[in-house]
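This report refers to the structure that appears directly beneath it.
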2 protein chains.
Amino acid sequence: MLHFNPTPASVPPPNNPLAFILRAAQIYPDKVALVHTDVEYPVTYTFSVWAQRIQNLAYALIRAGVKPGDRVGVIAPNCPLIADAHYGIMAARAVITPINTRLKPTEVTYIIEHSQCCFLLVDHEYQNLVQDVNVPFVVSKDTGRSGDPYEDFLNSGREFSNERGWPGLDPEVDENAPAVLCYTSGTTGRPKGVVTTLRGSYLAAVANAFEGRMNHDSTYLWILPMFHAAGWTFPWTNVFSFAKQVTLRTVNYTQIWNHFRHSGVTHYCAAPTIGIVNDPQASKLPHQITAIIAGAAPTAHLIAELQKIGINPVHVYGLTSTYGPFTRNYAQPSWENLPLDQRARLMARQGHAFATADVARVVFASPEGDLNAPLVDVPRDGKTVGEIVTRGNIVMKEYFRDPDATKKAFAGGSFHTGDLAVMHPDGSIAIMDRSKDIIISGGENASSLAIEQELSSHPHVLEVSVVARSHVKWGERPMAFVVLHPQHVATWRGRHHLFEKDLKAHARSRLPGFACPEWVEIVPELPKTSTGKIQKLELRKIVAKL
Amino acid sequence: MLHFNPTPASVPPPNNPLAFILRAAQIYPDKVALVHTDVEYPVTYTFSVWAQRIQNLAYALIRAGVKPGDRVGVIAPNCPLIADAHYGIMAARAVITPINTRLKPTEVTYIIEHSQCCFLLVDHEYQNLVQDVNVPFVVSKDTGRSGDPYEDFLNSGREFSNERGWPGLDPEVDENAPAVLCYTSGTTGRPKGVVTTLRGSYLAAVANAFEGRMNHDSTYLWILPMFHAAGWTFPWTNVFSFAKQVTLRTVNYTQIWNHFRHSGVTHYCAAPTIGIVNDPQASKLPHQITAIIAGAAPTAHLIAELQKIGINPVHVYGLTSTYGPFTRNYAQPSWENLPLDQRARLMARQGHAFATADVARVVFASPEGDLNAPLVDVPRDGKTVGEIVTRGNIVMKEYFRDPDATKKAFAGGSFHTGDLAVMHPDGSIAIMDRSKDIIISGGENASSLAIEQELSSHPHVLEVSVVARSHVKWGERPMAFVVLHPQHVATWRGRHHLFEKDLKAHARSRLPGFACPEWVEIVPELPKTSTGKIQKLELRKIVAKL
């Protein structure tokens, strides 16, 4: 393997995340950058070797006809291919389009057609997703060995690499050029393509490194899929920090705990990690791990369990359109002496906009159809519900090929998240619900999130999700789906009606009448998306049939 | 004091360091931001109270006639006034012009006239510097109490503050607008005015926070004067990190050690801090402190002494034109097992460009007068001397009212530092000298820095500085001025000629003949600038008379 030798002319102008891998390869050429183990042939790449692979990939793409601004699709689990792609596609000045591996072939076809991808990088396990697609692609067998079509593809770039090196790659000069095109799962209608920029990716990555206190000594374990909102910019955050990354094809608790214990893992991102701490292998860690958690607020129970084993939760909030996280719950010194229950309630808030992000506001709904109406903030009373909006560095550029949706999303000059929240007197935001998750019970707006927060404080509740169920008298009433804590499954076996009574009494002591669940159903597990979010849509389907 | 309540409309667009104080006041309103103790009336400001003072200052300046883009001069030691000024002047969309308090009145007058300052903020101790200046000014008695003219001035802004709040301040929308105008001390000719931008200050501040591993738990002690290159952007770095700042009017070892021990200090910046570690009060610290050191490379002796007492040196390099530091010595894991001498030699290198900075290159001199000649990198051989150049985020915008000097400084498209260096095979740079510090001995170029580095490895040498002295046969020969380590002063008392012999033998074993000092002079101390840099000009004056 050639030793990587970037020349000054090869370093892109500000602010382009490609600079991170060039810096890392210059400053720590022999430091381990990437480890991939749950395969037949595990691989370990240093920063210099990895940078060389990235350069080869860029030239291979160019040889394959990829032009600046073109979209290149990637369908892969967490593995070197998709880590490479986050830099190699950028180095070819193309736009990476990560595709969710859990989608159906028709959905994948739609995304490839809508994004007009001209080339695809596909992991062998997901080759079936592109069988009917009329776009050239390369398959990776994830072996890292010659004979693997992806490795041969990298080799096809080597000739140019040797001749022209980094200077030949002619870096993008416009920091507002598109970097990533990421399709949101779209609970209603067709998925939308979120376009983010080089500058935004750079600044979000730096912010995540700072907020996570990542550095040269960090080891990041990939649990969050990299295809999800470009891994919340962590493919760049990790390299900016000179951290080691560990990729896992499959999120498997045995492997996670093995890496926690033996690979010096210090950081991971995930949707609430209830599964990790409730795994039978969970026990006190020899060192502190920072868990960057989004998707839903950590419950009191989860916080207690995490702290018991040495995991420090950092609660963040964001969307694909905001490069993943853009707010953070900033723990206050005054919380330290509060009872856990109260502390959990405060830690559950989405908090404030984080480093390099502009403020997160909560605003009243504008008159329907008026895209220029000035936005009016709700009072800081912790009660008045409005929509979270933001703007600035950590907000997408546009929806791809959808100017109308873009205009609507930026009504009044700020990006509309679609999430409903209140603003507390301390300026922190707290999500009440996606608008569709509000339960209109007896004319009152009941937040399913607020109800879940209270129900989850019952010591026997592991997970809970609440949706609206129609009710003759009240219009709607909350129905709770509960997963019991493993320790208490036996307690209530054959006596679910007694647990229902117990939980309802718990609710009545904490919630207004209209927000108390009318029905409680114990289930073995909750339906979840590939990224760990509870699928309320599936619960609503169940409720609709009752 | 009003509780500070920034509104979303008050937060400036990206990237403006003013955002840092607004965020800090929102997220940690009651956390201590600023402590000032070495005065009759010590003060402590929380982020919310401080932000309110900053808002008052901005309105007071506007009421006093300051317009966007105007320059406002500040003459003060490290104290709340100059900390306020780094935000308040920005909030009024004016440009802060910090003035070195050690200058003569005529020099101050020149800067005020050249910068066309329209208003001045002056600490009482330096009022004499502006006696002959025809520009309105406000004097601070540094009491923080009503009756102090500066406090009364702040109060004059309060009425507007109450009426209009932050939204009334109408933040700057162009991130490339000037932020600071800082005059370099100018060893030859008139001082030059370095103009830096909001964007550059923002990104340099973030980089310094990341490189220094600063965070919410940090406490920064001001030893570096804030007027020096805008305190290397630390007035913004500290607030971005939510760190506590401690200001000292006078750099006094007793106070420094007192704060090290009792104020939880975790960070400071300084020119080599030999004085701090050699102070009789120096002893093992109860916690680790990070010292960000520039101005000259830390010697083996200094590194050993620092580590002994628990100070972790971070060696950085930069200029006023690069917002202070823009390169850093990145310690490699492989250095850990090297003997101290060898490690010190590696740690003395200026290293690589740091986070958010573009690469630091070393290039051959271009043909005289050709401003468009492409820059050619020296080979990475650790031998060929060239000039350090850079570009990108962490480089000044221009020299104020001096387009010719600006063009010359940016010849070939990169900023020329005027520092001569080599590039090592690992891509790290090592300064050999300012061009004028090279000693031409027998036709060979001897680097005074390289000689100093070797001489300082003699165990009895505390500090050493080497300059050229004319020589009948060789043209020039090195002359060394040495400060002995306090423990060894007695050893050589009355026997300086023997020490000279000993040091020369030490040099001969490590340096080529032409680089060995021809003369050695023991002195009680070396002449230094207000910022701790050794004044070779003064040594040359002594040599000229020999």
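The values are calculated or read from the model by the stated rules, or taken from the named source; none is laboratory data. Because the structure is predicted, anything quoted here is derived from the model rather than measured. When we count neighbours, we look across all protein chains shown, and the Cβ atoms used for this are built from the backbone with ideal geometry, even at glycine. Ligands, DNA and RNA are stripped out before the accessible areas are found, and what is left, the full protein with its side chains, is counted by its heavy atoms. Shrake-Rupley method; radii C 1.70, N 1.55, O 1.52, S 1.80 Å.
Residues in region A:511-526 that are closer than 21 Å to residue A:496 by Cβ and either open to solvent by less than 20 Å² (accessible area, probe 1.4 Å) or charged (D, E, K, R) (or both): A:516, A:517, A:518, A:520, A:521, A:525, A:526. One residue stands out among those in region B:347-367 that are free of Cβ contacts under 8 Å to residues at least 24 places away in the same chain and either of a type outside the set (Phe, Trp, Tyr) or within 8 Å of another protein chain (Cβ to nearest Cβ) (or both): the one that is nearest to residue A:17 (Cα to Cα), which is B:365.
Quick grid of which residues meet (1) open to solvent by less than 40 Å² (accessible area, probe 1.4 Å); (2) of a type in the set (Asp, Glu); (3) modelled with pLDDT of 95 or more; (4) assigned to a helix (DSSP H, G or I):
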{"residue": "A:134", "(1), (2), (3), (4)": "no, no, no, no"}
{"residue": "A:138", "(1), (2), (3), (4)": "yes, no, yes, no"}
{"residue": "A:144", "(1), (2), (3), (4)": "yes, no, yes, no"}
{"residue": "A:153", "(1), (2), (3), (4)": "yes, no, yes, yes"}
{"residue": "A:159", "(1), (2), (3), (4)": "no, yes, no, yes"}
{"residue": "A:162", "(1), (2), (3), (4)": "no, no, no, yes"}
{"residue": "A:168", "(1), (2), (3), (4)": "yes, no, no, yes"}
{"residue": "A:171", "(1), (2), (3), (4)": "yes, no, no, no"}
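Could you please find all residues in region B:156-197 being within 14 Å of chain A (Cβ to nearest Cβ) and hydroxyl-bearing (Ser, Thr, Tyr)?
From region B:156-197, those within 14 Å of chain A (Cβ to nearest Cβ) are B:165-167, B:171, B:173, B:175-176, B:197; that's our starting set.
Residue satisfying the conditions is B:197 alone.
A count restricted to region B:198-213 and to residues that are facing chain A (nearest Cβ under 9 Å) and among the aliphatic types (A, V, I, L, M) stands at 4. Of everything listed in (1) in a helix (DSSP H, G or I); (2) in contact with a strand residue (DSSP E or B) (Cβ under 6 Å, 6 or more places away or on another chain); (3) within 14 Å of chain A (Cβ to nearest Cβ), the single unmet condition for residue B:380 is (1). For region A:476-492, does any single residue satisfy the condition of being open to solvent by 40 Å² or more (accessible area, probe 1.4 Å), part of a loop (DSSP other than H, G, I, E, B) and without any contact (Cβ under 8 Å) to a residue 40 or more places away in the chain? No: region A:476-492 contains no residue that is open to solvent by 40 Å² or more (accessible area, probe 1.4 Å), part of a loop (DSSP other than H, G, I, E, B) and without any contact (Cβ under 8 Å) to a residue 40 or more places away in the chain. Across region B:233-277, the qualifying residues are those that are of a type in the set (Val, Ile, Thr) and more than 20 Å from residue B:77 (Cα to Cα), and the one among them that is modelled with the lowest pLDDT is B:274.
Could you grab me the full set of residues in region A:491-522 that are farther than 14 Å from residue A:456 by Cα, of a type outside the set (A, V, I, L, M, F, W, C), within 34 Å of the chain's Cα centre (by Cα) and modelled with pLDDT under 90? The one that is farther than 14 Å from residue A:456 by Cα, of a type outside the set (A, V, I, L, M, F, W, C), within 34 Å of the chain's Cα centre (by Cα) and modelled with pLDDT under 90: A:512.
Count of region B:426-454 residues, restricted to those that are open to solvent by less than 40 Å² (accessible area, probe 1.4 Å) and charged (D, E, K, R), is 4.
Take the residues in region B:118-132 that are open to solvent by 30 Å² or more (accessible area, probe 1.4 Å) and under 27 Å from the mean Cα position of the chain (by Cα), then tell me which one is nearest to residue B:67 (Cα to Cα). Among residues in region B:118-132 that are open to solvent by 30 Å² or more (accessible area, probe 1.4 Å) and under 27 Å from the mean Cα position of the chain (by Cα), the one nearest to residue B:67 (Cα to Cα) is B:118. Can you find a residue that is in contact with a helix residue (DSSP H, G or I) (Cβ under 6 Å, 6 or more places away or on another chain) and crowded, with 17+ Cβ neighbours inside 10 Å anywhere in region A:109-117? No, there is no match, as no residue in region A:109-117 is in contact with a helix residue (DSSP H, G or I) (Cβ under 6 Å, 6 or more places away or on another chain) and crowded, with 17+ Cβ neighbours inside 10 Å. Within region B:455-474, the presence of at least one residue that is assigned to a helix (DSSP H, G or I) and either open to solvent by less than 40 Å² (accessible area, probe 1.4 Å) or under 22 Å from residue B:538 (Cβ atoms) (or both) is confirmed.
In region A:181-233, the qualifying residues are those that are in a loop (DSSP other than H, G, I, E, B) and among the charged types (D, E, K, R), and the one that is most open to solvent (accessible area, probe 1.4 Å) is A:190.
Given the criteria open to solvent by 50 Å² or more (accessible area, probe 1.4 Å), more than 19 Å from the chain's Cα centre (by Cα), of a type outside the set (Gly, Ala, Ser) and at negative phi, does residue A:375 qualify? No, not satisfied. I want to confirm something. Restricting to region B:411-427 and keeping residues that are more than 23 Å from the chain's Cα centre (by Cα) and part of a loop (DSSP other than H, G, I, E, B), which single residue is farthest from the other protein chains (Cβ to nearest Cβ)? This residue is B:424.
Is it the case that region B:83-102 has a residue that's out of contact with any helix residue (DSSP H, G or I) (no Cβ under 6 Å at 6 or more places or on another chain), modelled with pLDDT under 95 and on the phi < 0 side of the Ramachandran plot? Yes - at least one qualifying residue is present in region B:83-102. On inspection, residue B:503 passes the criterion of being surrounded by 17 or more Cβ atoms within 10 Å (Cβ to Cβ), over 30 Å from residue B:249 (Cβ atoms) and among the aliphatic types (A, V, I, L, M).
Checked against (1) on the phi < 0 side of the Ramachandran plot; (2) under 22 Å from the mean Cα position of the chain (by Cα), residue B:338 passes all but a single condition, namely (2). Among the residues making up region A:383-410, those that are more than 24 Å from the chain's Cα centre (by Cα) and in a loop (DSSP other than H, G, I, E, B) are A:383, A:384, A:385.
Answer yes or no: is there a residue in region A:238-253 that is hydroxyl-bearing (Ser, Thr, Tyr), more than 14 Å from chain B (Cβ to nearest Cβ) and under 14 Å from the mean Cα position of the chain (by Cα). Within region A:238-253, not a single residue is hydroxyl-bearing (Ser, Thr, Tyr), more than 14 Å from chain B (Cβ to nearest Cβ) and under 14 Å from the mean Cα position of the chain (by Cα).
Only residues that are touching a residue at least 24 places away in the same chain (Cβ under 8 Å), crowded, with 17+ Cβ neighbours inside 10 Å and either away from chain B (no Cβ under 14 Å) or more than 23 Å from residue A:353 (Cα to Cα) (or both): list them for region A:391-409, please.
Taking region A:391-409 and keeping what is touching a residue at least 24 places away in the same chain (Cβ under 8 Å), we get A:391-402, A:405, A:407-409.
Of the ones still in play, those that are also crowded, with 17+ Cβ neighbours inside 10 Å are A:391-400, A:409.
The answer is A:396, A:398, A:399, A:400, A:409.
Annotation: residue A:328 fulfils all but one of (1) within 14 Å of chain B (Cβ to nearest Cβ); (2) under 19 Å from the mean Cα position of the chain (by Cα); (3) modelled with pLDDT under 95; the unmet one is (3).
When we screen B:354, B:326 for residues that are of a type outside the set (Val, Ile, Thr) and touching an Asp or Glu at 6+ places or on another chain (Cβ under 6 Å), the only hit is B:354. Candidates A:341, A:370: the one that is within 30 Å of residue A:411 (Cβ to Cβ), away from chain B (no Cβ under 14 Å) and surrounded by fewer than 24 Cβ atoms within 10 Å (Cβ to Cβ) is A:370.
Applying the condition of being in contact with a Leu (Cβ under 7 Å, 6 or more places away or on another chain) and without any contact (Cβ under 8 Å) to a residue 60 or more places away in the chain to region B:113-128 and asking which residue is nearest to residue B:56 (Cα to Cα) yields B:121.
Cβ-Cβ distances below 8 Å connect the following pairs, each with a first residue in region B:235-247 that is at positive phi, a second residue that is open to solvent by 10 Å² or more (accessible area, probe 1.4 Å) and part of a loop (DSSP other than H, G, I, E, B), and a separation of six or more residues or different chains: B:242/B:28; B:242/B:31; B:242/B:215; B:242/B:216.
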